[in-house]
Amino acid sequence: MILDGQRLYTFDNGLRLLVDPMPGVKTFALNALIHGGARFETEAQSGWAHLLEHMVFKGAGGRDARALAEAIEHKGGSINASTGYEHTRFEVRGLSSLLPLALEIVTDLMFRPQLDRTELQREKKVIAQEILEAFDTPDDHVFDLLQTAMFQDQALGRPILGSRKSLNPAKPEPLRDFAGTLYAPHRIVICISGGVTAEEVFAAAKPLIGPVAPHAGFAAPDVLRFTPGHAVQKRRIEQANLTLGFDAIGRTDPDIIPLRLFGEILGGGMASRLFQEAREARGLAYAIDSYTTPYRDGGVFGVYAGCAPKDVAPLSELIRRVLTELAADPKPSELERAKAQFTTSLFLNFEGAGSRAAAFASQMSVFDKVFTLDEVAVDIAAVTRDDLVRVGGAVASQPGASALLGPKTMTLAA
């Protein structure tokens, strides 16, 4: 369930604390992963998970926004947070001596936010600017368009940032109720990796986490439905941004590693087929890559490319052709390269406290266990050409969804 040397504590309220000592290391990484994000919002609450993540930093426990920032930075540490569709994360890095304060502040953020009315009105203005910034960044906004095309009339199809319309009605008390439900203790895993001991971590965490009352939390979100929609947006910009999305598998599917290897071969680096064909051989794109986004009950396999407006049609056709050809005939040398890239990345990440804490928190949240390096390496090594044909064929056989954002002069694919 856990690795040698690790210790897992489960509190009465359901929160799990995983301690991952790294002997000889003088720093630590704390990663608090909450199984809750934008996917758990109603349409009227769109953007509230991200708003909440902002608001807890405006005051929590006995500290205001300045005191929260100064407390960590004064000790040389750093603190950050992020909101996704299924998860919210709080992260702290620093010298090991900072750990008790880091635990105090992170638990204050999750369980003791102030949610001041004046600060809330001010933060809505900040997020309104963030929404505009995302809109003004074409290679960012095009993914919002694709997300909506792939998951129409679902929480997964709405922007994580929400909209001014959905954020304006948010008031402190409804947001507090939302926070108590989203940040329910049993949906939280905290992993601490680095120069720490299990005994000192538990001693610091127990009085901060133990008294927190349990909460039922949100029910499971509706099962995702992939909708092969298409979106086109034209603006006064120079470059065309093209994205393709395909219905794919979730985090727990045994084919997730073959799919990631397929993606590495297709568009994972400079040696990938798309980079070589689209950029090096034809000059059709400056940037092109593929990606895999798994959720708990499904996922997305996607391709992004930035190109000249006149090249949208030929580039779209090329992507489809290369995808189909790879699904039919992956080369042994390509599989070998992808395995080497994946395995090397795995081992490199295992050496860093931040990467370990993030990975182990995610694994414990999704799988209720931590995987050894050998387990994952064996799974990577076991992938065959037939596996690539199977997962690639499942992608290439779909019509898929698409989003295109570019200038009014761009030529659309037929």
Legend entry - Inter-residue pairs, beta-carbon under 6 Å, first in contact (Cβ under 8 Å) with a residue 60 or more places away in the chain and more than 16 Å from residue 113 (Cα to Cα) and in region 197-219, second aromatic (Phe, Trp, Tyr) and surrounded by fewer than 18 Cβ atoms within 10 Å (Cβ to Cβ), 6+ apart: 202/9
Legend entry - Residue list for region 363-389, filter: exposed (fewer than 15 other Cβ atoms within 10 Å of the Cβ), part of a loop (DSSP other than H, G, I, E, B) and in contact (Cβ under 8 Å) with a residue 60 or more places away in the chain: 368, 369, 372
Inset, instruction - Mind telling me which of the residues 44, 67, 81, 134 ends up being modelled with pLDDT of 95 or more and closer than 21 Å to residue 171 by Cα? - result: 44
Legend entry - Sole exception among (1) more than 25 Å from residue 161 (Cα to Cα); (2) out of contact with any Lys or Arg (no Cβ under 9 Å at 6 or more places or on another chain) for residue 91, by number: (1)
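Each row is one residue, and each column tells you yes or no for (1) of a type in the set (A, V, I, L, M); (2) not in a helix (DSSP H, G or I).
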{"residue": "3", "(1), (2)": "yes, yes"}
{"residue": "12", "(1), (2)": "no, yes"}
{"residue": "18", "(1), (2)": "yes, yes"}
{"residue": "49", "(1), (2)": "yes, no"}
{"residue": "52", "(1), (2)": "yes, no"}
{"residue": "57", "(1), (2)": "no, no"}
{"residue": "71", "(1), (2)": "yes, no"}
{"residue": "76", "(1), (2)": "no, yes"}
Inset, instruction - Could you pull out the residue among 68, 52, 17 that is crowded, with 16+ Cβ neighbours inside 10 Å, in the same structural domain as residue 125 (by TED's automatic domain parsing), free of Cβ contacts under 8 Å to residues at least 60 places away in the same chain and touching a Phe, Trp or Tyr at 6+ places or on another chain (Cβ under 7 Å)? - result: 68
Legend entry - Tally, over region 315-349, of residues that are loosely packed, with under 15 Cβ neighbours inside 10 Å and either on the phi > 0 side of the Ramachandran plot or not acidic (Asp, Glu) (or both): 11
Legend entry - Pairs, first within 22 Å of residue 264 (Cβ to Cβ) in region 295-318, second part of a strand (DSSP E or B) and among the hydroxyl-bearing types (Ser, Thr, Tyr), C-beta under 6 Å, six or more apart: 299/293; 300/293; 301/292; 302/291; 303/290; 304/243
Inset, instruction - Kindly indicate whether residue 392 is in a helix (DSSP H, G or I) and either over 30 Å from residue 15 (Cβ atoms) or over 19 Å from the mean Cα position of the chain (by Cα) (or both). - result: yes
Inset, instruction - Tell me, yes or no, whether region 94-102 has at least one residue that is part of a strand (DSSP E or B), in contact (Cβ under 8 Å) with a residue 12 or more places away in the chain and assigned by TED's automatic domain parsing to the domain that holds residue 161. - result: yes
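The values are calculated or read from the model by the stated rules, or taken from the named source; none is laboratory data. Quick caveat: nothing in here was measured; it's all calculated off a predicted structure. With ideal geometry, Cβ positions are generated from the backbone for all residues, glycine too; neighbour counts draw on all protein chains shown.
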